[in-house]
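Worksheet: the structure to be examined is printed underneath.
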Amino acid sequence: MSVGVLCIHGFSGGPYEIEPFTAYLRAHTDWLIEEPTLSGHGEELQMQGFTAKHWLMDAELAFRALAKKVNEVLVVGFSMGGIIALYLAKRYKVKKLVLLSAAAKYISPKQLVKDFKMLASEAYHRNLSNNELFMRYRHKFNNVPLSSTIEFMRLVRMVEPYYKDIDIPVYIVQGILDGIVPYHTAQFLYDELISNDKTLYFSDNGKHHICFDKDCTKWFSQVLTFLKGK
């Protein structure tokens, strides 16, 4: 039985956002791992003119191409990619879902303020260039058009009615300290999805880029066990 894994990155990001997890999968399985880059995304952002429909179609085409090569397709989605993963699960034969920091709701103002206070403090002490959070988001702040953010919100609204139709096995991973997606979003998704086989994992110190957190190898192994299970 051949297995394929489609890994979908987040809004204004790229496959690098999930790379630690995909590297783990490659090291521990012989599965075919595909990591498409959504239109306008990647290392060099050129998002102007691309819409939610473009991103959903990108994911559909990648899913169809992978499904032709394997017997079963597993889908992993990070942030906006988690919402796209749910869209695919509604429309296609997805074996299992993994949702990482899935952006069913977005922006936790409290944690975002904490993160930016930290940035301000480090800037004051002239250490800003060494701050991982700042380096990760500096490029995005300057290169994401408002129209693209509106399309992201539109995509979330488009997919929300599908939640109650998703009945396949799903594993949800969420960081408590996520400054982009409020951590209670994971519980909301868990409650909305009608699957009888669903797991919710909270990382106490996890932030939005959950695949880079210190405890990630712990849930990596748990998610792999889930994916391998029957």
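The values are calculated or read from the model by the stated rules, or taken from the named source; none is laboratory data. Everything numeric here is computed off the predicted structure, so don't read it as measured data. Neighbour counts are summed over all protein chains in view; Cβ atoms, including those assigned to glycine, are modelled from backbone coordinates with ideal geometry. Ligands, DNA and RNA are stripped out before the accessible areas are found, and what is left, the full protein with its side chains, is counted by its heavy atoms. Shrake-Rupley method; radii C 1.70, N 1.55, O 1.52, S 1.80 Å.
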Would you check which residues across region 27-58 are in contact with a strand residue (DSSP E or B) (Cβ under 6 Å, 6 or more places away or on another chain) and under 21 Å from residue 13 (Cβ atoms) and list them? 33, 34, 35
Mind listing just one residue for me: the one in region 196-221 that is among the β-branched types (Val, Ile, Thr) and either open to solvent by less than 70 Å² (accessible area, probe 1.4 Å) or outside any helix (DSSP H, G or I) (or both) and, of those, farthest from residue 20 (Cα to Cα)? 199
Condition test on residue 224, is it modelled with pLDDT of 95 or more, part of a helix (DSSP H, G or I), open to solvent by 10 Å² or more (accessible area, probe 1.4 Å) and not polar (S, T, N, Q)? yes
Output for region 158-183, where each listed residue is in contact (Cβ under 8 Å) with a residue 12 or more places away in the chain, of a type outside the set (Lys, Arg) and outside any loop (DSSP other than H, G, I, E, B): 158, 159, 160, 162, 163, 165, 170, 171, 172, 173, 174, 175
Residue 101 vs (1) in contact with a His (Cβ under 8 Å, 6 or more places away or on another chain); (2) without any contact (Cβ under 8 Å) to a residue 12 or more places away in the chain: all pass except (2)
Of (1) at pLDDT below 95; (2) of a type outside the set (Asp, Glu); (3) under 27 Å from residue 165 (Cβ atoms), residue 76 satisfies all except one. Which? (1)
So, in region 66-100, exactly how many residues are touching an Asp or Glu at 6+ places or on another chain (Cβ under 6 Å) and either on the phi > 0 side of the Ramachandran plot or crowded, with 24+ Cβ neighbours inside 10 Å (or both)? 1
Does at least one position in region 39-58 carry a residue that is touching a residue at least 60 places away in the same chain (Cβ under 8 Å), under 21 Å from residue 226 (Cβ atoms) and in a helix (DSSP H, G or I)? no
If residue 190 satisfies all but one of (1) farther than 23 Å from residue 73 by Cβ; (2) over 15 Å from the mean Cα position of the chain (by Cα); (3) not polar (S, T, N, Q), what's the number of the condition it fails? (1)
Tally up the residues in region 68-77 that are more than 18 Å from residue 169 (Cβ to Cβ) and in contact (Cβ under 8 Å) with a residue 40 or more places away in the chain, please. 1
Only one of (1) open to solvent by less than 40 Å² (accessible area, probe 1.4 Å); (2) over 23 Å from residue 90 (Cβ atoms); (3) of a type in the set (Gly, Ala, Ser) fails for residue 23. Which number is that? (1)
Kindly evaluate residue 15 against the criterion of being touching an Asp or Glu at 6+ places or on another chain (Cβ under 6 Å) and either of a type in the set (A, V, I, L, M) or under 27 Å from residue 184 (Cα atoms) (or both). yes
